[in-house]
Amino acid sequence: MISGYVSNIRKGSTEDGPGRRTTVFLKGCPLDCWWCDHPAGAGPVSEIVVNPARCARCGECVTACPEGVAVAGQGHRGRPETHCTMCGACVDACPTDARQIVGATMTVAEVMAGVLAKDGLAADDGVTFSGGEPLMQPPFLTALLSGCRELGLHTAVDTCGFAPAEQLQAVAALSDLFLFDLKCLDAARHQAYTGVSNALILENLRLLGRLHARLWVRLPLVPGLNDDPAELTGLAQFVATIPGVELVQLLPYRPSGVQASRRSPEGNRLATAAPPAPPTLEAAAGRFRAAGVTATVLGAELGVGEVGAHGL
Ligand code: SF4
Ligand code: SF4
């Protein structure tokens, strides 16, 4: 039975595709973006995350751990990377709720049950597979997409595009829509801000443009990365050449990830940057419209605080 690592299943999202979505967050991401609002989702396996602001260094977690691997005030990953079995004893013993398990192994059937749980899905609702990066778990993702297709559910895959082309092709045949997260064209800046080259990402977007009729490009507008006129104009002109792009959604960077990042060892390296002001966002959207691309500001539709709010 195929299984994979899942961070969360969130019901009723209006930011992850058309209509009301159930969003399945698969664990693991090959990028290391400075503005990541969910760093605990980046690891490929389940992990223990500790909020240092809450930790009292009492050592109850250490006493409770049957494997002898818990360290007061510190998180870590689970098997196979460490000897932690994710039994949860340390989380239960923590008197301040500082410790948390992020991610669980789930079968395809368990995820589908979660998707259909409670109020189920209406005919115009859908399921979005996000992350992390869902293409980090190809057999799991394709099995989930097939399961949704059997039930007649609309599907979307939210990808950073950093994946082997053959995996993208396999998923393209099963997904109704792609949400493609584009960052910037400047190769050096992309490498510095995300930890990876953008060459494969740009090539995969061109590939998807040839393969798939429905693409939404999502662009986080991040100070210092892609908010200068030359970069934005270049992005707009590039996206305009990709067939299949229905929409560009600008996602304003905001330091909403600070709280989540405090629970991770890395911290949020953009925590002090100011979010882009509404006129800046509208001007950025205008550059895409000038290139003939439909563009919206996602924050303007959703309201403050909802953008990029991954559930844990
Ligand atoms: S989850 Fe279990 S094995 Fe892992 S650190 Fe906590 S108590 Fe120890
Ligand atoms: S039990 Fe909780 S509060 Fe005490 S040291 Fe462990 S993580 Fe910190």
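Of everything in region 41-58 that is over 23 Å from the mean Cα position of the chain (by Cα) and of a type outside the set (Lys, Arg), the residue that is farthest from ligand 1 (Cβ to nearest atom) is Ala53. Taking the criterion of being part of a helix (DSSP H, G or I) and modelled with pLDDT under 95, the only residue of region 194-204 that qualifies is Thr194.
Residues that are more than 27 Å from Pro223 (Cβ to Cβ), β-branched (Val, Ile, Thr), outside any helix (DSSP H, G or I) and at pLDDT below 95: does region 108-117 have at least one? No: region 108-117 contains no residue that is more than 27 Å from Pro223 (Cβ to Cβ), β-branched (Val, Ile, Thr), outside any helix (DSSP H, G or I) and at pLDDT below 95. From the list Cys84, Cys61, Cys90, the one residue that fits, being surrounded by 19 or more Cβ atoms within 10 Å (Cβ to Cβ), over 24 Å from the mean Cα position of the chain (by Cα) and part of a loop (DSSP other than H, G, I, E, B), is Cys84. When each of Leu174, Leu144, Leu219, Leu207 is tested for being in a helix (DSSP H, G or I), hydrophobic (A, V, I, L, M, F, W, C) and within 28 Å of Ile9 (Cβ to Cβ), the lone residue that passes is Leu144. The residue list Cys94, Cys61 contains one member that is within 15 Å of ligand 2 (Cβ to nearest atom), more than 30 Å from Leu144 (Cα to Cα) and touching an Asp or Glu at 6+ places or on another chain (Cβ under 8 Å), which is Cys94. Would you say Gln237 is assigned to a strand (DSSP E or B), modelled with pLDDT of 95 or more and assigned by TED's automatic domain parsing to the domain that holds Asn8? Considered against the rule, which asks whether it is assigned to a strand (DSSP E or B), modelled with pLDDT of 95 or more and assigned by TED's automatic domain parsing to the domain that holds Asn8, Gln237 comes out as no. Taken residue by residue, region 68-76 has at least one member that is under 23 Å from Phe25 (Cα atoms) and more than 8 Å from ligand 1 (Cβ to nearest atom). Specify the residue that is modelled with the highest pLDDT; the eligible residues are those in region 264-310 that are within 17 Å of the chain's Cα centre (by Cα) and of a type in the set (S, T, N, Q). The residue in question is Asn268. How many residues, within region 122-139, are surrounded by fewer than 24 Cβ atoms within 10 Å (Cβ to Cβ) and in contact with a helix residue (DSSP H, G or I) (Cβ under 7 Å, 6 or more places away or on another chain)? Matching residues across region 122-139 total 1.
Answer yes or no: is there a residue in region 114-127 that is within 16 Å of ligand 1 (Cβ to nearest atom) and touching a Gly at 6+ places or on another chain (Cβ under 7 Å). No, that holds for no residue.
The values are calculated or read from the model by the stated rules, or taken from the named source; none is laboratory data. Note that the coordinates shown come from a computational prediction; the quantities given were computed from them, not determined experimentally. As a convention, Cβ positions derive from the backbone with ideal geometry for all residues, glycine included, and neighbour counts pool all protein chains shown.
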